[in-house]
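Input: a single structure, listed below in C-alpha cells.
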Amino acid sequence: MPDVTDDKREFKIGRPTVVRQGRTLRFLPTATWSGSPQGRRNLEKKGVSVRVVNVSTLKPIDGKRFRRLTSGVKGVVTVEEHTIIGGLASAIAFALRGQALPIEAVAVQDCFGQSALNYEQLLEHYGLTDAAVVKAVKKVLRQ
C-alpha cells in the first residue's frame, strides 16, 4: 500500500492526522487503507470536498479532537480493513455520540474470513472498494 503520511510528520499514538483538507465530508480511514485518489477526484467533480483524516491508532480515542475534526461537515465516512464490530467505525460512533451527524462505515461485515489469490480480490470480496466508499458518501449526503 502507498504511504499516506509524510515522513516529516510526527507520529503520536491516539492522534489522528489530516492528510487532505476539505469542507463537505470527512473520511476517517485507518492507516492501512488509503483508497485510490480517483474515487476522491470523482466525488470532488460532483462538488463534494473531502477532508481525509488518517486514524493510525484506535486507542486512546480523543473524542474532543474528533468532534473538532468533524465540526461543520455534512457527514463522516469511516473506511477500514477490519470487521465492522469493535473497530474504527465503533470508536468514531462512540466519540461522536450525541451529535446530529450521519456516519457510514465501509468495513468488513460480520462474517468468516476468506482466502484469495491477491489483495485486490480480498478488497473486492469484502466490499472495500472505491465504489463502496462513493456509495457510503452518497448515503451520508442523501444523494
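Bear in mind these aren't lab numbers, they're just calculated from the coordinates by the rules spelled out. Predicted model, so just to flag it, every value in this text is computed and none were measured. For neighbour counting, all protein chains shown are included, and Cβ atoms are generated from backbone atoms with ideal geometry for every residue, glycine included.
Descriptive notes on the structure:
- Cα centroid separation - the stretch 46-69 against the stretch 96-138, whole Å: 17
- Per-peptide packing, taken as the mean over residues of other Cβ atoms within 10 Å, places 132-139, 110-117, 77-84, 96-103 in the sequence 77-84, 132-139, 96-103, 110-117 from highest down.
- Rough spin-label spacing in nm, given labels placed 7 Å along Cα→Cβ, for D62 and K138: 3.5
- Under 5 Å from the amide H of R20 lie the amide H atoms of V52, each residue being 5 or more positions distant or on a separate chain, with H modelled from the backbone and absent for Pro and chain starts.
- Distance between the pseudo-spin-label points of A93 and I13 (7 Å out from Cα toward the beta carbon): 2.7 nm.
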